[in-house]
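Colleague: Take this structure, written in structure tokens, and hold onto it; I'll ask about it next.
Any read-out appearing in this document is the output of simple, stated calculations on the displayed coordinates, not a laboratory observation. Because the structure is predicted, anything quoted here is derived from the model rather than measured. Backbone-built Cβ (ideal geometry, glycine too); neighbour counts: all protein chains shown.
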Amino acid sequence: MDFDANTHRCTILIDQQLPAGLAINAASIIGISFGKLPGNLVGPNQQSQDGVDYPGVIYAPLAQSCKTYEEYGDRIADAHSDQIELVAIGLIGPKKKITLLTGNLKPYR
């Protein structure tokens with residue numbers, strides 16, 4: 001997808017119960033994943049044990065202590081998708097669709 005700020009929106013959703021430091025970390029990780037769109041700045045997609053595809057880098061508690069992308073990939077591959085708790089997600093797409101999904105959500109404070 002070619003991102004056009006006139007027609008697309010980029011939003012990061014974070015669990016409000018996440019402590020501030022972890023929320024900032026989650027936002028930065030999701031932001032890095034957005035960088036995958038125009039080029040190969042982030043490693044390949046990962047798949048859970050049951051075949052669920054996780055594009056780019058995800059932010060999940062099971063990945064917090066990983067030291068390498070390979071270790072991260074191994075942990076995702078060894079886990080069933082229902083064991084992967086996502087505490088933040090990023091959405092990129094047509095402005096109207098993203099606004100419809102997120103327009104009523106409160107900002108993270």
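Colleague: Using amide H atoms built in the peptide plane, which far-off residues or other-chain residues are under 5 Å from His8 H to H?
Modeller: Placed amide hydrogens put Lys95 under 5 Å from His8.
Colleague: While we're looking at this one, here's another question. Using a Förster distance of 22 angstrom, determine the FRET efficiency expected from the C-beta separation of Lys96 and Asn25, and round it to 0.05.
Modeller: According to the calculation, E is roughly 0.15.
Colleague: Taking Rh as the Kirkwood radius computed over C-alpha pairs, what is the Stokes-Einstein D of region 47-109 at 25 °C in a medium of viscosity 0.890 mPa s, expressed in µm² per second?
Modeller: Values: Rh = 13.4 Å.
Taking Rh from Cα pairs, D becomes 183 µm²/s.
Colleague: Residue by residue through region 9-19, which ³J(HN,Hα) values in whole Hz follow from phi under the Karplus form 6.51 cos²θ - 1.76 cosθ + 1.60 (θ = phi - 60°), with glycine and proline marked x?
Modeller: 9, 10, 9, 10, 9, 10, 4, 5, 8, 6, x
Colleague: Determine ³J(HN,Hα), in whole Hz, for all residues of region 72-78 in sequence, where each value follows from phi through the Karplus function 6.51 cos²θ - 1.76 cosθ + 1.60 and θ = phi - 60°; x replaces Gly and Pro.
Modeller: 4, x, 5, 5, 5, 5, 7
Colleague: Another question, then. What list of ³J(HN,Hα) values in whole Hz, one per residue of region 94-101 in order, does the Karplus curve 6.51 cos²θ - 1.76 cosθ + 1.60 (θ = phi - 60°) give from phi, with Gly and Pro shown as x?
Modeller: x, 3, 5, 5, 5, 5, 4, 6
Colleague: Using a Förster radius of 35 Å, what is the FRET efficiency between Leu62 and Asn6 based on their Cβ-Cβ separation? Nearest 0.05, please.
Modeller: In this case the efficiency is close to 0.40.
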